[in-house]
Each structure stands twice: as C-alpha cells, then as structure tokens.
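Data first, discussion second: the structure below is written as structure tokens.
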Amino acid sequence: MEKNIIVTDTNGNQIGKTYPRRARGLVKNGRAEFVGDCKIRLVQTLFPAVIPNITEEQAMSKIIEFNARNFRFDPDTDYCNVGQRVMLSTEAGVTEGFEIGDWGWKWTQIIQDLEVEADTDYVFRFAMDGGHNDSKDEICQVMIFPEGGWEDRYVFPLERSRYQPVLSKRLNEAQTGCDTFLRVYEIPFSTGIHTRFRIMIAVQHAVTRIYPAQELSAYADMEDQTWAQWYAERMERLRQSKLESFIGGPED
C-alpha cells in the first residue's frame, strides 16, 4: 500500500504523508478531517480547563521533550558543524541546550535517534530563539524520518516562522545578549510501520539556541511577538541607527 494521503497540521502546513487506511482511522476517531480526496488535516480539540494547554491531539500522542543530553552533532557533517552544548540563561532560569550555527555558510546538524512504537502519533516539543538573520536567506529546519527512510522525512522549516509555532513571544535583549524572540514548537509525526526514527535539527547562516520548553501557561505574562513584528521593528532600529550615525558624523 502506498503513502498517498497528504497530512497537514491545523494551519494547513504539510507535515507528511500516510496510508489511506491510517487516514480513514484518524478521521473516524475525530482526530483529522478530509479536506480533499487525498488530503487530511489534523484537528485540535481542547481538553477541559483542568488540563490547560494540552490538546486532544497531543494527549493521544506521546510527547518527546527536547533534552540536550539526548542530542549529538551529526558525524555526517563533522567537517562543518559549528556550536556546542551549553548552559543557557532563559526566562525559566538556567537550562541546558544547544547553541548551533554561525553567520557564515557552515551547515550544522544535531541529531537524536529514537526507539518508537509503530503506528503511533508523537509530538516533538522544544523552545528556541535565534535561527534568523537580517538578509532572510537563513535555513533552520527540523527533519524527522524513519531509520533508512530519508525520502519519507517530514521537513519543518522554522526560519521566519514558516512552520507556525504554538507560541511566539518577545524576549528581553539584555537577558539574551542578542536581538531575537522566543518560539515554542510542538511538532507532530506518525511512525507508521517504523520503530526507529531520527530527529535532525539543521541550521545554516544563522545562530540558533534550542532548549526545553515550559508549559505554555508559564509564558502567559510575556508579550506576544511574531517574526514579522520582530523583523519590522529590527529594520526600523537599524534604519534609525544609520540615520543617527549619518547626522551625528564628523563635519567635512
């Protein structure tokens, strides 16, 4: 049987393909809906308020929380990997994560190999900041695929929030040491017949910090900020800085 049913998230982003039988099962159980003859969209239904910020889709899934100790640099890109596992100061305090990538063109990958259950839904959950640059030519991706199944990979483009985060918040530049904003991602994938998967995070032409996410309620007091808002504000600051430098420069 061929995987010929396109699966999208609730925002219409394609996250992979599945088998027709699996698609019918998801629709029958109320966890997806058909939006075309060969396409289904995952449905998120909130649990009662006593379990805040947990969607029905997630609860039926197994959640894989980011743990820096479970990741390593990909040996296939040892010739160009840039970064290190570091202790980071975040809005939650000190936590361990990865800081990877640079402002050049070195391609950096970190990986985690997983033992998973067949025919099961999972969610990979993490927080990040960075992963962007001023010229909008960066790459920041999460790729999830079965062992030996590169062609069946799920690709989630995170740069410029092309794959929409579940939460996007303003950060204090004085705290982070750089001009950036926070995103939390909850990335779904299904295992099908496979029991071994790899999670790969790849970055090029940007510096990215990846670390464990808190419960969404922990971010409630932080101000929302999308990538578009952040970018517009940054470009305006740069414009003002150049203008002030020009006006205040030395006289001829």
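Derivation of every value follows stated rules applied to the coordinates shown; laboratory data play no part. Computed from a predicted model, the values in this text were never measured in an experiment. Here Cβ is always computed from backbone atoms with ideal geometry, including for glycine, and neighbour counts include all displayed protein chains.
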Under 5 Å between amide hydrogens, which residues at least 5 positions from Thr90 or on another chain qualify, with H placed 1.01 Å from N in the peptide plane?
Thr95
Extension gain Asp137-Met222, at 0.36 nm per residue separation less the Cα-Cα distance, in nm?
27.8 nm
When only Cα pairs under 8 Å and 6 or more residues apart are kept, what is the percent relative contact order across region 93-188?
28 percent
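For region 1-43, take the convex hull of the Cα atoms, compute a quarter of its surface area, and give me that in nm², please. Don't jump to the answer; show the numbers that get you there.
On the way: hull surface 10.0 nm².
Computing the convex hull of the Cα atoms and averaging its projections yields 2.5 nm².
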Quick one: which residues, 5+ away or cross-chain, put their amide H under 5 Å from the amide H of Leu171? H built at 1.01 Å from N.
Leu182
So what does the Cα-only Debye profile of region 75-216 read at q = 0.09 Å⁻¹, as log10 I(q)/I(0), no solvent term?
-0.27
May I ask you to compute the full-extension gain from Tyr231 to Trp107, defined as 0.36 nm times their residue separation minus their alpha-carbon distance, rounded to one decimal in nm?
42.3 nm
Are there GluC sites (Glu not before Pro) in region 157-252 that DSSP marks as loop and that have at most 12 other Cβ atoms within 10 Å, and which are they?
Glu215, Glu223, Glu251
When the Kirkwood radius is taken over all Cα pairs of the chain, what Stokes-Einstein diffusion coefficient follows at 37 °C and 0.692 mPa s, in µm²/s?
167 µm²/s
